[in-house]
Structure formats: C-alpha cells, structure tokens
1. What is the Cα centroid distance between segment 141-179 and segment 87-104, reported in whole angstrom?
2. By Kyte-Doolittle mean hydropathy of at least 0.0 and Cα axial length of at least 20 Å, which whole DSSP H helices of the chain are selected?
3. From the square roots a ≥ b ≥ c of the eigenvalues of the alpha-carbon gyration tensor of segment 29-155, which class results: rounded (a/c under 1.5), prolate (a/b over b/c), or oblate?
4. If Lys and Arg each add +1 and Asp and Glu each add -1, what is the summed charge of the other residues whose beta carbon sits under 9 Å from the beta carbon of residue 34?
5. Determine the calculated [θ] at 222 nm for the chain from helices alone, applying -39500 (n - 2.57) to every DSSP H run no shorter than 4 residues and normalising by the residue count; nearest 500 deg cm²/dmol.
6. Which ordering of 200, 247 is given by a fewest-first count of other beta-carbon atoms within 10 Å?
7. Quick check: from the Cα gyration tensor, does segment 230-276 come out rounded (a/c under 1.5), prolate or oblate?
8. Express as a percent, rounded to the nearest 5, the fraction of DSSP beta bridges in the chain (both residues included) that run antiparallel.
Amino acid sequence: MLNRRFFITGSLAALLPSMPVVAEAARRIAAVDWAAAESLLALGVAPLAVADTGYYNQRMPQLLPASTYDIGPFWEVNLELLDRLRPDLILIGAASLFMTKRLNEIAPVEVVEDMTGDKSYGRAAAILRQCGRAAGLPSSEVEAVLSNIEQRMQSLAAKVGRGRPVCILLPDQSGSRAMVYGNGSMPGAVVTRLGLQNAWQGPTNANGFIQVGFDQLMALEDSVFMQIEIPSLAPQTNRALSDSQLWHRLPAVREGRVVRMQQFYPFGGCISTLLLAEALARALQDPLGTGIP
C-alpha cells in the first residue's frame, strides 16, 4: 500500500522550498479551499486558517502546522472564529461561492482557479501562482517550485511504460459501484501527462468523473487499477469489497493489478498532482512490490 510518508520523506520532499514553513505569512491568509491551502504550504507559507483541518490532514500529502486554525467545513465555515482571526484574504473554491457575500464582510475573497477538461492539469500551476501572488512572494520563487515539479514529472514520464491503460477509481461502501476519473479530471490529466492511457473512455460529468457499477469496468481487461481510499471510510469500503463477488471477478482484481493509494484528494493542487504521478510510476516500475505483472 502506498502512503504519504514515503513521498514526503523521499523524493517529493526534495521538491519543496528550502525555506521553512513559517508560523504566519506576511499576509494572514485563510484557505477554505484545500488546493489553495496545499499550494501555500508548497510555497513555504503557513495558512492562518483552513477548512476542516483534521480531515485535511487525513487526506492531503502535507500536514498543516499546529498554528493553523480549523474554521469548520467548507460548506459551513465558522464565521465568528474567522472574524476574530482577522485574515487579510480568504481563498475559496467554487463549492463555497454561496458564502462569498458573508465572507466578504470579514475580508476580501478570492476564488481559486476552477478549470476542467484539457486545462485540469494546468489548474494546479494556476492555483500555485495565485497563492504566490496572494502571499506577496517573488514570482521567481513560485516558478522555481513549478520548474522542479515539471522536471520531476518529465522524469517520471520517461520511466513508465507509455500507453499502459490505467483506471483511477474510488469504490464506495456498497461493494458494487465506484467513482471513476476520466480524461477531464485532475487524475485523468496526470495519467495522460505520464504518457499512460486512461482506461476509462466512457462518459463523465463536467468535472471529469462519473459513478459506475462494477459491471461497467469488466471490459477493462488489461488495465491497472489505482484505488483511491478515503481513510475515514476505508474499513467499511474494504469490508464491502471483500464480500463483493463482482469486485473479485474484475480482471484487474483477479490478476492482482490493483494498487491502493491513501491520503489522496482528486481536487488537490500541485503536490497532490505530483503525489499521484509518483504513486503511479512507482507501482508500474516496481511489480514485485505491488503485485502488478
């Protein structure tokens, strides 16, 4: 099983800025959007506050500093606490747009980039640049981080077997369905960026993913499954899959071509993007460690 500890202590950590994460940025920035919070950390900036910090730490590649305040879930931000914290800026995602008016009464609000389709890979870089500007960092520092990530992506792409079909999916607790990430999603864009083939070529929603029954995955005979896990739901999901005859009949499951990935957020920023690329490359290069033939 792959987890974030390998990446943060290994090659991924080397890509982060050399300067330490500080307790407070020059600007006090609250990040309701997780991709924005992740991007600030990648730039060495500690967010003042983040939505649902406990759950963030379970799913995202970098832990938040202890100094970061928890302001509740993105759909129900603790406005009283946020007001007391007096942020200089609040970064939100599209899912929190309905709160813009109330948040604007506390501090100026910026909506992070919300790109789909062919632009989904560039979304991570756009958010990193936006966060760099918000924090008042020199553009050279931001571009250095992006350059390091791009170099690593190119290196990974050169090592994996080009064209191999990969299906990235998130099974639910029913034991019969999964969320599948197509070409218009961030995971799908990473698959393409590595020169791999997204095994799911069926329909998706505007964000590039769709929920399907396991029977619809039966035709993906030669693909490798990258199974995303949500830590808080993993026990229930694993029990359901263990009892699912349909799951065990899928070619990838039957033939041991499934890699499980913890602590991944499919709407994350640049480090989440690289985390997935690292996981895919490692799985495809290390058959003895993953069971993938």
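Please treat every number below as a calculation from the coordinates, not as lab data. A quick note: this is a predicted structure, and the numbers were derived from the prediction, not measured. FYI the Cβ positions are ideal-geometry reconstructions off the backbone, even for glycines, and counts take in every protein chain you see.
1. The two parts, judged by their Cα centres, are 29 Å apart.
2. On the way: long enough: 120-134 (21 Å, -0.13); 139-159 (30 Å, -0.23); 270-285 (22 Å, 1.26).
Within the chain the helices that satisfy the rule are 270-285.
3. Note, shape of segment 29-155 comes out prolate.
4. That sum, taken over residues with Cβ under 9 Å, equals -2.
5. Numbers: 13 runs with 116 residues, N = 293.
Taking each H run of at least 4 residues, the total per residue is -11000 deg cm²/dmol.
6. Working: 200 27, 247 19.
Ascending Cβ contact count within 10 Å gives the list 247, 200.
7. It is oblate, given that a/c is not under 1.5 and a/b is not larger than b/c.
8. On the way: 8 of 29 bridges.
About 30 percent, rounded to the nearest 5.
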